[in-house]
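Asker: Input: one structure, supplied below.
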Amino acid sequence: MTTQAARIISLPNKNIPATETVQTESIAHSNICSSTSNDDFLSQLADDTFLQEEILQRQKSCLAEISLLREQNRWEEIIELFHPLEEKEPEIIHFAFDLAIRREIAFALSHLKRFDEAIKEFECCLKYDPDNFHYHSGLGFVLYNSLYAAKNKEIILPSSEKKERIKKAHQHLRRAQEIRPDRVTAYYRQAMLYKHIQNKPDKALPIFETAVQNWEKYTQEQKKNRHQEYKNYIKSLYNLATCQAEKKQYKQALKSIQKCIQEDNHKDYIHCKHKYFALGKIQFQMGKFQQAREALEFAASFSSPEDGDYILELLARTLFRQGEKQKALETISRIPRKKRRHFVIWTLADILVSLGQKEQARKHLIDSSQRDRRSRHRALIRLCKIAFQEKDYEKSLQWAQKADKFHLDVYNTHDPDGLFWAAANYIKLNQKDKARAMLDELSAFRPDYPLLPRLKQAV
């Protein structure tokens, strides 16, 4: 180190060998804060008028350098230059100017998926500043990122560790909310924890609402001063819309996504393909097919067929609902064969059947059912319906039974469609006792099944 501060500062005990410096720095904060070391610390400050200024300037210089690197996503360089801080900047630690730098190091470590180290850095910060909003919010964020990485199989976390990290993330994010209840970010992050990690959109929805409401309550001056939270306001609007749609609150969802698009018009914090896909999906669910078509076509323009397969699939379904079957087939056929996921094949098969190409549809569905380990029943039910249309009720029954068995084996519950179509085939085969048994099973398992009353009349 070549700065003046590095040259003039020495630890209170000047007889400590250089090799032991790093070990002593880990307790620097407690030394400074204890009554036994204050005299040494204060004496150093008194001996040199410019000592504190020099150290503070060094801290500012480090933060400025980190800020520049962060803007360019140069996370490795941040770590190379400043981590571990006990080795790279011991003097800053000694005079307790390290916490802000540790926070930046923690975020850099998180970006590099070195989550355990990042967590330790934030825990160190909280040890000496336990009521700091940024440290609680930041630690909650890192814990969330580690859980998200585990979900995507980027890292491995034991089940017990996942549960503990979920618990800790909630604790720190709630504490951040208690410290600053009018902010956006801590609410957004906790809602994302519920939505994406715990798969609890019901719990996420009201928290996203709070994040949105908090921003919208700000004065123009507050919005200016807290502009860094605007991004998470936009993301909260987007995720609120998707949660509302999942709850079938379509009118509210439409308002939320429209506001998101309007507010994000110049920033694109949410990519256009995601915003307009969400808009199109909500409009499709509301039966506004022409509007959905326009939104989905716009969304598709921002994506390749490979990356936007889900957009093209829903666009094809929309065209199908508008009666443009051939156009629907052309649209879904844009997705390369090797990139067609199972939900794409289901829709493709539906379109082919409507065009009278049942044999081709059957081939696609059989292939899908053989490869699909999670949702095979969806293809099997479609095969069941094709056979039913062809009046091959024995074959149709077999497909329905296979769908139900698969669902029982994988999910430990009946497939309601499997029970329904088994009953329908038993009726056609004039085996009404067996049909009634299937309907009784369906009534007990899914009493709200929409077609149940009509089928009961047929028995």
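The values are calculated or read from the model by the stated rules, or taken from the named source; none is laboratory data. Quick caveat, the model's predicted, so the values are computed rather than measured. So basically every Cβ, Gly included, is an ideal-geometry build from the backbone, and we count neighbours across all protein chains shown.
Asker: Please tell me if Leu237 is in a helix (DSSP H, G or I), under 17 Å from the mean Cα position of the chain (by Cα) and surrounded by 19 or more Cβ atoms within 10 Å (Cβ to Cβ).
Answerer: Yes: the conditions hold for Leu237.
Asker: Could you grab me the full set of residues in the stretch 389-418 that are in contact with a Lys or Arg (Cβ under 8 Å, 6 or more places away or on another chain), within 18 Å of Lys363 (Cβ to Cβ) and either of a type in the set (Asp, Glu) or surrounded by fewer than 21 Cβ atoms within 10 Å (Cβ to Cβ) (or both)?
Answerer: Gln389, Glu390
Asker: Another question, then. Only residues that are polar (S, T, N, Q) and either farther than 18 Å from Val184 by Cβ or touching a Lys or Arg at 6+ places or on another chain (Cβ under 6 Å) (or both): list them for the stretch 243-261, please.
Answerer: Within the stretch 243-261, Gln244, Gln249, Gln252, Gln258 meet the criteria.
So that you can scan it fast, the table gives a plain yes or no per residue for (1) more than 20 Å from Ile351 (Cβ to Cβ); (2) outside the structural domain of Leu237 (by TED's automatic domain parsing); (3) in a helix (DSSP H, G or I); (4) not aromatic (Phe, Trp, Tyr):
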position	(1), (2), (3), (4)
Ala253	yes, no, yes, yes
Cys260	yes, no, yes, yes
Lys275	yes, yes, yes, yes
Phe284	no, yes, yes, no
Leu296	no, yes, yes, yes
Phe302	yes, yes, no, no
Leu319	no, yes, yes, yes
Ala328	no, yes, yes, yes
Thr331	no, yes, yes, yes
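Asker: Continuing with this model, one more query. Tell me which residues, restricted to the stretch 52-80, are in contact with a helix residue (DSSP H, G or I) (Cβ under 7 Å, 6 or more places away or on another chain) and closer than 15 Å to Ile93 by Cα.
Answerer: Hits for the stretch 52-80 are Gln52, Glu54, Ile55, Arg58, Gln59, Cys62, Leu63.
Asker: Condition check: without any contact (Cβ under 8 Å) to a residue 12 or more places away in the chain and over 22 Å from the mean Cα position of the chain (by Cα). Does Lys120 satisfy that?
Answerer: yes
A quick yes/no check of all residues on (1) free of Cβ contacts under 8 Å to residues at least 24 places away in the same chain; (2) over 16 Å from Ala403 (Cβ atoms); (3) aliphatic (A, V, I, L, M):
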site: Arg317; (1), (2), (3): no, yes, no
site: Ser333; (1), (2), (3): yes, yes, no
site: Lys339; (1), (2), (3): no, yes, no
site: His342; (1), (2), (3): no, no, no
site: Val353; (1), (2), (3): no, yes, yes
site: Leu365; (1), (2), (3): yes, no, yes
site: Ser375; (1), (2), (3): no, no, no
site: Leu383; (1), (2), (3): yes, no, yes
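Rundown of residues vs (1) part of a helix (DSSP H, G or I); (2) modelled with pLDDT of 95 or more; (3) surrounded by fewer than 18 Cβ atoms within 10 Å (Cβ to Cβ), yes/no style:
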position	(1), (2), (3)
Ser43	yes, no, yes
Gln52	yes, no, yes
Ile55	yes, no, no
Gln59	yes, no, no
Glu65	yes, no, yes
Leu81	yes, no, yes
Ala106	yes, yes, no
Asp116	yes, yes, yes
His136	yes, yes, no
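Asker: Regarding the stretch 274-286, can at least one residue be identified that is hydrophobic (A, V, I, L, M, F, W, C) and over 22 Å from the mean Cα position of the chain (by Cα)?
Answerer: Within the stretch 274-286, one or more residues are hydrophobic (A, V, I, L, M, F, W, C) and over 22 Å from the mean Cα position of the chain (by Cα).
Asker: Here's a follow-up. Between Ser368, Ser443, which is touching a helix residue (DSSP H, G or I) at 6+ places or on another chain (Cβ under 6 Å) and not aliphatic (A, V, I, L, M)?
Answerer: Testing whether each residue is touching a helix residue (DSSP H, G or I) at 6+ places or on another chain (Cβ under 6 Å) and not aliphatic (A, V, I, L, M) leaves just Ser368.
Asker: Give me the pairs, please: first residue somewhere in the stretch 243-267 and over 22 Å from Lys203 (Cα atoms), second residue anywhere and in a loop (DSSP other than H, G, I, E, B) and not hydroxyl-bearing (Ser, Thr, Tyr), beta-carbon distance under 9 Å, and either six or more positions apart or on two chains.
Answerer: Ile261/Ile270; Asp264/Ile270
Asker: Restricting attention to the stretch 388-401, does a residue exist that is basic (Lys, Arg), touching a Phe, Trp or Tyr at 6+ places or on another chain (Cβ under 8 Å) and in a helix (DSSP H, G or I)?
Answerer: No: the stretch 388-401 contains no residue that is basic (Lys, Arg), touching a Phe, Trp or Tyr at 6+ places or on another chain (Cβ under 8 Å) and in a helix (DSSP H, G or I).
Asker: Can Ile197 be described as surrounded by fewer than 18 Cβ atoms within 10 Å (Cβ to Cβ) and of a type in the set (A, V, I, L, M)?
Answerer: Considered against the rule, which asks whether it is surrounded by fewer than 18 Cβ atoms within 10 Å (Cβ to Cβ) and of a type in the set (A, V, I, L, M), Ile197 comes out as no.
Asker: Which one is surrounded by the fewest Cβ atoms within 10 Å (Cβ to Cβ), of the residues in the stretch 317-339 that are at pLDDT 95 or above, charged (D, E, K, R) and over 16 Å from Ala295 (Cβ atoms)?
Answerer: Here the residue is Glu330.
Asker: I need a count of the residues in the stretch 190-215 that are part of a helix (DSSP H, G or I) and within 16 Å of Leu143 (Cβ to Cβ).
Answerer: The qualifying residues number 8.
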